[in-house]
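S.K.: Can you read through this structure? Questions will come right after.
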Amino acid sequence: MSNLNEIKMKKIIIVLLGVFLFAFLSEAQDKTTSIDLGNTLKDLSFSAADTVSNNKTTYTIEYDVPQKYSSVQDLTISFDSISGTPALKVHMLASKWKNTWIAISDTVTWNGSGPSKIIEVSNANTNNYRYFRHVVTVTGTGKALITDNKFKIYFK
């Protein structure tokens with residue numbers, strides 16, 4: 001009888017581990033990077049896997065910026081439409097400790113027409129955030145490839 005209980009407990013533990021793993025992976029960032037001390041620009045490269053579509057509606061790029069200075073930020077992000085009309089929205093979030101994220105930019109929209117598009121998002125309000133997220137959300141019915149992302153910090 002104890003052997004049967006042991007098997008049931010193992011099954012429960014495996015299911016719980018699966019649930020925790022799924023929750024952990026669903027919170028993972030698509031790209032995580034940092035802007036090293038002394039630098040103010042990060043230019044990221046992307047591969048064919050860096051896409052947003054109906055199946056993957058959000059792509060997040062997270063930055064750790066260890067500098068301790070007040071700053072404003074600019075983002076330039078480029079896309080190519082692969083299929084359909086992807087209709088993308090891009091905005092920046094920021095946090096001091098990664099526990100609470102606030103929007104620091106307006107949302108910029110691209111309707112997905114044309115072979116490529118460059119979206120520029122700016123935050124002109126001086127802040128002291130250390131962590132930044134660029135969030136790309138697809139609202140249309142197509143697929144888009146992220147081809148370039150430049151994030152610039154202007155220290156004050």
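S.K.: So if each residue of separation counts as 0.36 nm, and I subtract the Cα-Cα distance between Thr57 and Ile7, what length gain in nm does that give? If you can, show how the numbers build up before the last one.
M.R.: Numbers: separation 50, 0.36 × 50 = 18.00 nm, distance 3.91 nm.
Answer, rounded to one decimal: 14.1 nm.
S.K.: Something else now. Holding the Cα-Cα limit at 26 Å, pick out from Lys98/Lys150; Lys42/Lys98; Lys68/Lys89; Lys68/Lys98 the pairs that are longer than that.
M.R.: With Cα atoms farther than 26 Å apart: Lys68/Lys89.
S.K.: Here's something else I'd like to know. Can you order the peptides 70-79, 34-43, 119-128 by their average number of other Cβ atoms within 10 Å per residue, highest first?
M.R.: 70-79, 119-128, 34-43
Read-outs: derived from the displayed coordinates by stated rules, not from any lab. This is a predicted model, so every value here is computed, not measured. Backbone-built Cβ (ideal geometry, glycine too); neighbour counts: all protein chains shown.
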